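The block underneath contains the structure these notes are about, expressed in structure tokens.
Computed from the coordinates by the stated procedures, all read-outs in this text should not be read as laboratory data. On a predicted model such as this, the values are computed, not experimentally measured, just so you know. Neighbour counts run over all protein chains shown; Cβ positions are idealised from the backbone, glycine included.
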Amino acid sequence: MEILGYRRPDGKVGIRNHVLIIPTSVCSSTVAANIANQIPEAVALPNQHGCCQIGPDHLQTLRTLIGFGKNPNVAAVLVVGLGCEGIPISETAAEIAASGKPVEVVIIQEIGGTLKTEAEGLRKVSELVRQVAHVQPEKVDISELSLAIECGGSDFTSGLASNPAVGIASDLLVAAGGNVMLSETTEFIGAEHVLARRAKTPEVAEKLFEIVHDCEERAKFLNIDIRDGQPTPGNIAGGISSIEEKSLGCIYKAGHAPIQDVLKYGEIPKGKGLYIMDSPGQDVESITGMLAGGATVVIFTTGRGTPTGSPIAPVIKITANHRTYIMMEDNIDLDASPIISGEETIEQVGHRVFEEIIAVSNGRRTKAESLGYKEFGIYKIAPTY
Amino acid sequence: MKKQAVVINSKDNVATVVDDFPSNTIIHFFIGQSEHSIQLLEDITLGHKLAIQEIQPGQDILKYAESIGVATKLIRPGQHVHIHNMESQRGRKDK
């Protein structure tokens, strides 16, 4: 089976063709946004971090920014630095450039202030747009696709219908040789033993138990209780009574394929098949991690409804709650409620989901894309100093 | 028969209703292939759970054939099962 994609110099394939502006620090985010605002083909990351971070937290932010630059949906990059931040500006640019795509850099303290940097940045981005915007997608095998699976604003329909349907689509993509990522470690709590049965090796199962254990321990270390935040008030109103119930419903969206490995947040998988990524349950931070890991399309199941999008990837929404679909039709792409009413089977809707993923890969705009949603958020794992 | 509640696995001791139902409604559902019915003892809204067996305090609440928490009081068949009579066992500072 074939889809349309943009083959990048490193051989990877994207399904969108963005020029991305990456501020290496919160201090350069406004300049990055001002440049993007003047060029329709460009998009800037609203980075809130990048300075005064330490150890694994610093490395995670660095990995995420580099991963976004390397993502195959990105054709060219402008890195915007302040000059004195903790994230190394030239190393970030060099790591992204190693993938072969054009990368430019502007540094506010070196060029001399906002206005000169914006002028220089505009000149460089307009040049990048002329280099890459005309490139047409070519036919590629569907195995080049990398799918991120997310769920948010869950209710009872998520575990009952939309997640199992997405699981069917995930299985179809894995069977076709593609790549799938499942994240949200918080939402493995109480279901990790079920997932672990599918680990490719005992070591992978052990890694899975370890990330869930660490997630629980972090909450206990703060002398808090996961029940304070999970399930969310909306989950509870929708009928979900515990994190275990939410998790058991959540894991259905990863289908039945064997789990190849457990990835760090923002880590790029080394092979094909289904991978698990260690991320929080918060939707935007979770999607951000999987896109840094190279995902090119996102499928997002919801019960309560959510508008979330991404700066660099299409996010396809699906709900099996018919009331939500009617209420939020401008945000939600697919109605899976016929599963609940008994008019369609999980398998039938799963195939519809797969067809939608292909159509979106071939260029169809998702509702989040057409509304201009561009959420981005890096998962912090230590305080800022 | 229109589907009124779903029992995901035959090991489960709760069912999930797929519409809003007032107290005293007789709810029909399937466990595997066999049809069952229960009279609701309380109003239960779309997506919420009812007990389909008597559940003792301390006993696991089973959905998807797995424990989703533990009953904190006696729950009779037809009663609403939610955070007022069951609790999570995970990520807790007191355990």
Inset, instruction - Would you mind ranking A:Phe354, B:Phe21, A:Phe188 so that the residue whose beta carbon has the fewest other beta carbons within 10 Å leads the list? - result: B:Phe21, A:Phe354, A:Phe188
Legend entry - Kirkwood-based shape ratio for the stretch B:1-55, expressed as Rg/Rh from alpha carbons: 0.91
Inset, instruction - Within the stretch A:261-335, report the GluC sites (Glu not before Pro) that DSSP leaves as loop and that have at most 16 other Cβ atoms within 10 Å. - result: A:Glu329
Inset, instruction - Give the residues of the stretch A:130-159 whose amide nitrogen is closer than 16 Å to a point set 7 Å from the Cα of A:Leu371 in the direction of its Cβ. - result: A:152-154
Inset, instruction - Calculate the tail of P(r) for the stretch A:160-199: the fraction of all Cα-Cα distances greater than 13 Å, expressed in %. - result: 66 percent
Inset, instruction - Averaging sequence separations of C-alpha pairs under 8 Å and six or more residues apart, then dividing by the length of chain A, give the relative contact order as a whole percent. - result: 22 percent
Inset, instruction - Taking just the C-alpha trace of the stretch A:142-370, give me its Rg and Dmax in Å. - result: 16.1, 48
Legend entry - Assigned charges on the beta-carbon of Lys, Arg, Asp, Glu; the stretch B:5-87 dipole about Cα centre (debye): 160 debye
Legend entry - Virtual spin-label span in nm between A:Ala119 and A:Thr30, 7 Å along Cα→Cβ: 1.9 nm
Inset, instruction - Scan the stretch B:28-95 for chymotrypsin sites (Phe, Trp or Tyr not before Pro) in coil per DSSP, keeping those whose Cβ has at most 11 other Cβ atoms within 10 Å, and list them by number. - result: none
Inset, instruction - Using only alpha carbon pairs under 8 Å that are at least six residues apart, calculate the relative contact order of chain B and give it in whole percent. - result: 26 percent
Inset, instruction - Give me the distance in nm between label points sitting 7 Å out from Cα along the Cα-to-Cβ direction at A:Ala382 and A:Met1, one decimal. - result: 4.4 nm
Inset, instruction - Using only Cα atoms, figure out Rg for the stretch A:18-132 and give it as a multiple of 2.2 N^0.38 Å. - result: 0.95
Legend entry - DSSP H segments from chain A that extend 20 Å or more along their own axis, Cα-based, with Kyte-Doolittle mean of -1.0 or above: A:55-70, A:114-132, A:202-221, A:346-361
Inset, instruction - With all distinct Cα pairs included, what does the Kirkwood hydrodynamic radius of the protein assembly as shown come out to in Å, to one decimal, could you say? - result: 23.3 Å
Inset, instruction - Would you compute, from DSSP H runs of 4+ residues alone, the mean residue ellipticity of chain A at 222 nm, taking -39500 (n - 2.57) per run and dividing by the full residue count, rounded to the nearest 500? - result: -11000 deg cm²/dmol
Legend entry - Net dipole in debye of the stretch A:26-135 [+1 Lys, Arg Cβ; -1 Asp, Glu Cβ; about Cα centre; nearest 20]: 220 debye
Inset, instruction - For each pair in A:Lys220/A:Lys380; A:Lys207/A:Lys317; A:Lys200/B:Lys49; A:Lys253/B:Lys11; A:Lys200/A:Lys246, compute the distance between the two Cα atoms and list the pairs where it is over 27 Å. - result: A:Lys207/A:Lys317; A:Lys200/B:Lys49
Inset, instruction - Could you check the simple spin-label distance between A:Ala359 and A:Ala94, using points 7 Å along Cα→Cβ, in nm with one decimal? - result: 4.7 nm
Inset, instruction - Starting from the Kirkwood radius over alpha-carbon pairs of chain B, derive D by Stokes-Einstein at 37 °C in a medium of 0.692 mPa s and give it in µm² s⁻¹. - result: 245 µm²/s
Inset, instruction - Please give the average number of partner chain Cβ atoms lying within 10 Å of the Cβ of each residue in A:150-156, rounded to a whole number. - result: 2
Inset, instruction - Count the DSSP beta bridges whose two residues both fall in chain A, then state the antiparallel fraction as a percent rounded to the nearest 5. - result: 15 percent
Legend entry - Stokes-Einstein translational diffusion, the stretch A:18-60 - Kirkwood Rh over all Cα pairs, 1.306 mPa s, 10 °C, in µm²/s: 145 µm²/s
Legend entry - HN-Hα J in Hz across the stretch A:138-149 - Karplus 6.51, -1.76, 1.60, θ = phi - 60°, x for Gly and Pro: 10, 6, 9, 6, 4, 5, 6, 7, 10, 9, 9, 10
Inset, instruction - Return, ordered by residue number, the residues of the stretch A:26-44 whose backbone nitrogen is under 15 Å from a label point located 7 Å along Cα→Cβ of A:Cys52. - result: A:26-28
Legend entry - Charge-dipole axis of the stretch A:142-370 as Lys and Arg at +1 and Asp and Glu at -1 on Cβ define it, positive-most pick from A:Pro164, A:Ile332, A:Gly271: A:Gly271
Legend entry - Percent RCO, i.e. relative contact order, over the stretch A:150-257, from Cα pairs under 8 Å lying at least 6 residues apart: 53 percent
Legend entry - Semi-axes of the equivalent ellipsoid for the stretch A:185-240, Cα gyration tensor, largest first, Å: 25, 16, 5
